[in-house]
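Peer 1: Pasting in a structure now, in structure tokens, and then I'll have a few things to ask.
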Amino acid sequence: PHHDERHYAWSVEHFLKTSKLAVLDWSIHYPFAQILWGALFCLPFGFSFSALRVSTVILTWLGALALYGTLRELGRARTDSLIATLVLVANPVFFLLTFSFMTDVPFVGVSNIAFFFIVRAFSRRRPWELWLGCALAVVAFFIRQIAIAIPGAVLLYAIFAPSFRNRQYLVPPIIASLFICLTPFLIAQTSGLTSQYTGREWVFDKWVHQYELGISGLLRVIMHAGLTLFPMSLPLVALFYRRQRFWVVIAVLLLLTACSVLLTPEIPKPLDGMWNLIALGKERRLLRGLPDPDFLASWLNYPLLAFSLFSSAGIIMKLIDVAAIDKTLRLFVWYAFSQFVLIMAVWLFDAWGSDRYFIVLLPPLIVILANSQLKSKTTIAGIVLLSLISMLVTWSETQNNRAAAAGLSWLRDRGVAFAEIDAGYALDGWYLYAHPENLAPGNIPERDVPFVTTNEKKPYVIATSSIAGYRVLRRYTWSIPLRSLDYSIYVLEQVPD
């Protein structure tokens, strides 16, 4: 398993065994649509993570085709539409999560398909396709509950566009929104809400008592936008830098950065996150052991932050122009704004907010930024660079996961019980939390899973380095291309006191 995909993989396994839909208590989402989609791919040969990842890859490409079709429907040229779609596919976070059963990429895929039909409904005056798009928005809701932003954005667009302010275009998003809003109550009555879902009141408590953290969260969102979309935003910087408003935006972003430094311990670091090149693979942080040596110098965070702010200024300028002039693209402005509010309110408000939560903003921003300037050498070079980073990070994550799984299998072949092994967040979560039958007698998942719900030491550990009090039984090593850095996974046994 990769990161948190064990929650959703367990649901597929449970459905295949019992024909009943259920989610682990650890899950904050109710991805019933994704569970059924994954189960479909497991039918030929039985449950496996490989089958689940194939299901994600196929949904990713369907979503990419839908994004391409949306751009064509909006009048973009074939080449421009293809290049803009590649910006999404080449994004390191998106690319990495394509090879997992996490909910992030499937949600984006279904959302892209929904907007393809929604755009056709408005551009071709076909209200029945709006019903189809809103129905797909409900499907997306049963992957990630932030899908409420889709019918919400459609409703706002129809209300503020006089030509669509009639029953044919208002009823579908209203019905979809009402259904989505009522669904949590239906789930609570039928299967109950998970503790992770019901325990989100701490978010509101932070907004009341630690609202200043929202400034650093806002800066992280802006930074992620600038970094991930720089192939499309840099040509815009060359277009906008002569305008006074551009430098006003830069001044505001610098002021935001200064406020973040004053109110929080440090400014956001671009090299942190899922596509970082410091640890080159966030999964290694989910194992015991010391931090890895830096892949890139930490001082690069500061010029990269400045670069991301200039890139973000270009994006903001384009958003301002589109909101004021281009009525066709206002639908995506409303959607980007709605998702931005949800991200700030729920995810990136606090320091643990991952940049993977940002990828829901990529499709609407890509649609807004797409233009004839995408054929520039800067855009092509940017896509190539992002592609290389994506493949390098994904390869490193795969090597790390395979080595950890191999170490666990090696111990199991020697008769060591799962309950005696701390194999890290992902493997412990799968073999012990999702399958509590592997725990020691009397232990429960909510209290006794190492790394997940307890820090209790175990006799055997899968780690990224040697640990005091343990001896090395086995070591798996690989080297990072283009650098002389070696990464290792250690199988350790506790030394008696």
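The values are calculated or read from the model by the stated rules, or taken from the named source; none is laboratory data. This structure is a prediction, so every number in the text was calculated from the model and none was measured. A quick note on method: Cβ atoms are made from the backbone with ideal geometry, for glycine too, and the neighbour counts reach across all protein chains shown. Areas reflect the complete protein model, heavy atoms only, side chains present, ligands, DNA and RNA absent. Shrake-Rupley method; radii C 1.70, N 1.55, O 1.52, S 1.80 Å.
Peer 1: What's the carbon and sulfur percent of segment 397-485's accessible surface, probe 1.4 angstrom, rounded to a whole number?
Peer 2: Exposed carbon and sulfur together represent 49 percent of the surface.
Peer 1: With +1 assigned to the C-beta of every Lys and Arg and -1 to the C-beta of every Asp and Glu, and no other charges, what is the dipole magnitude of the chain about the Cα centre in debye, to the nearest 20?
Peer 2: 1800
Peer 1: Now for a different question. Could you tell me which residue out of 423, 360, 2 lies farthest along the dipole of the chain toward its positive end? Charges go on the beta carbon: Lys and Arg +1, Asp and Glu -1, centred on the Cα centre.
Peer 2: Of the candidates, 360 comes out farthest on the positive side.
Peer 1: Then there's this: Going by average Cβ density within 10 Å per residue, which order do the peptides 24-32, 439-447, 464-472 take, highest to lowest?
Peer 2: For the peptides 24-32, 439-447, 464-472, the packing ranking is 24-32, 464-472, 439-447.
Peer 1: In segment 89-182, carbon and sulfur make up what percent of the accessible area (probe 1.4 Å)?
Peer 2: Details: 2430 of 3260 Å².
Roughly 74 percent, rounded to a whole number.
Peer 1: Over the chain, give the accessible area per residue in Å² for a 1.4 Å probe, as an integer.
Peer 2: Averaged over the residues of the chain, the accessible area is 43 Å².
Peer 1: Then there is this: Pairs of lysines 8 or more apart, or on different chains, with alpha carbons under 29 Å: count those in the chain, would you?
Peer 2: 11
Peer 1: What's the ranking of 406-413, 390-397, 236-243, 66-73 by average number of surrounding C-beta atoms within 10 Å, highest first?
Peer 2: Packing proxy ranking, top to bottom: 66-73, 390-397, 406-413, 236-243.
Peer 1: Moving on to the next point. Could you tell me the center-to-center distance, by alpha carbons, between segment 105-179 and segment 388-459 in angstrom?
Peer 2: 41
Peer 1: Tell me the relative contact order for the chain as a rounded percent, counting alpha carbon contacts under 8 Å between residues six or more apart.
Peer 2: Result for the chain is 17 percent.
Peer 1: Above 13 angstrom, tally the Cα pairs of segment 30-88 and express them as a % of all pairs, no decimals.
Peer 2: 65
Peer 1: In nm, give the distance between the simple-model label positions of residue 405 and residue 346, each being 7 Å from the Cα along the Cα-to-Cβ direction.
Peer 2: 2.9
Peer 1: Next question, about the same structure. Which peptide among 146-157, 335-346, 162-173 comes first, and what is the full order, when sorted by highest mean count of other Cβ atoms within 10 Å? Before the final figure, lay out the partial values.
Peer 2: Values: 146-157: 23.8, 335-346: 19.7, 162-173: 15.7.
Listed from highest to lowest mean packing, they are 146-157, 335-346, 162-173.
Peer 1: Also, quick follow-up: How large is log10 I(q)/I(0) at q = 0.16, 0.23 Å⁻¹ when the Debye formula is applied to the Cα atoms of segment 398-497, each weighted equally and without solvent?
Peer 2: Cα-only, vacuum Debye calculation for segment 398-497: -0.67, -1.21.
Peer 1: Just grab the label-to-label distance for residue 388 and residue 65, each label 7 Å out from Cα along the Cβ direction, in nm (one decimal).
Peer 2: 3.2
Peer 1: Stick to Cα atoms and the Kirkwood definition of Rh, then tell me Rg/Rh for the chain.
Peer 2: 0.97
Peer 1: Taking 0.36 nm per residue of separation and subtracting the Cα-Cα distance, what length does fully extending residue 57 through residue 128 add?
Peer 2: 22.7 nm
Peer 1: Using 0.36 nm per residue, how much length does the chain from residue 443 to residue 373 gain when fully extended, once their Cα-Cα distance is taken away?
Peer 2: 19.2 nm
Peer 1: Okay, moving on. Rounded to the nearest 500, what is the chain's calculated 222 nm mean residue ellipticity when only DSSP H runs of at least 4 contribute -39500 (n - 2.57) each, over all residues? Write down the numbers at each step before the final one.
Peer 2: Numbers: 20 runs with 289 residues, N = 497.
Theoretical 222 nm ellipticity from helices: -19000 deg cm²/dmol.
Peer 1: Something else: Report, to the nearest 10°, how far helix 149-160 tilts away from the longest principal axis of the Cα atoms in the chain, using its own Cα long axis and a range of 0 to 90°.
Peer 2: Tilt relative to the chain: about 10 degrees.
Peer 1: Still on this structure, please answer the following. Which is farthest toward the positive dipole end of segment 411-497 among 473, 442, 462, measuring Cα position about the Cα centre, with Cβ charges +1 (Lys, Arg) and -1 (Asp, Glu)?
Peer 2: Comparing the listed Cα positions along the dipole, 473 ranks first.
Peer 1: If you don't mind, there's one more thing I want to ask. Return the inverse of the average 1/r over all pairs of distinct C-alpha atoms in segment 449-497, which is the Kirkwood hydrodynamic radius, in Å to one decimal.
Peer 2: 12.2
Peer 1: Considering the Cα trace of segment 307-394, what is its radius of gyration and what is Dmax, both in angstroms?
Peer 2: When restricted to Cα atoms, segment 307-394 yields Rg and Dmax of 14.7, 41 Å.
Peer 1: At a 1.4 Å probe radius, which order do 14, 7 fall into by accessible area, largest first?
Peer 2: Values: 14 50, 7 5 Å².
In descending accessible area the options line up as 14, 7.
Peer 1: R0 = 30 Å: FRET efficiency of residue 212 with residue 181, Cβ-based, nearest 0.05?
Peer 2: Working from the Cβ atoms, E equals 0.45.
Peer 1: Could you tell me the ratio Rg/Rh of segment 322-465? Both radii from Cα atoms, Rh via Kirkwood. Mind showing how you got there, number by number?
Peer 2: Details: Rg = 22.6 Å, Rh = 19.4 Å.
We get a ratio of 1.17 for segment 322-465.
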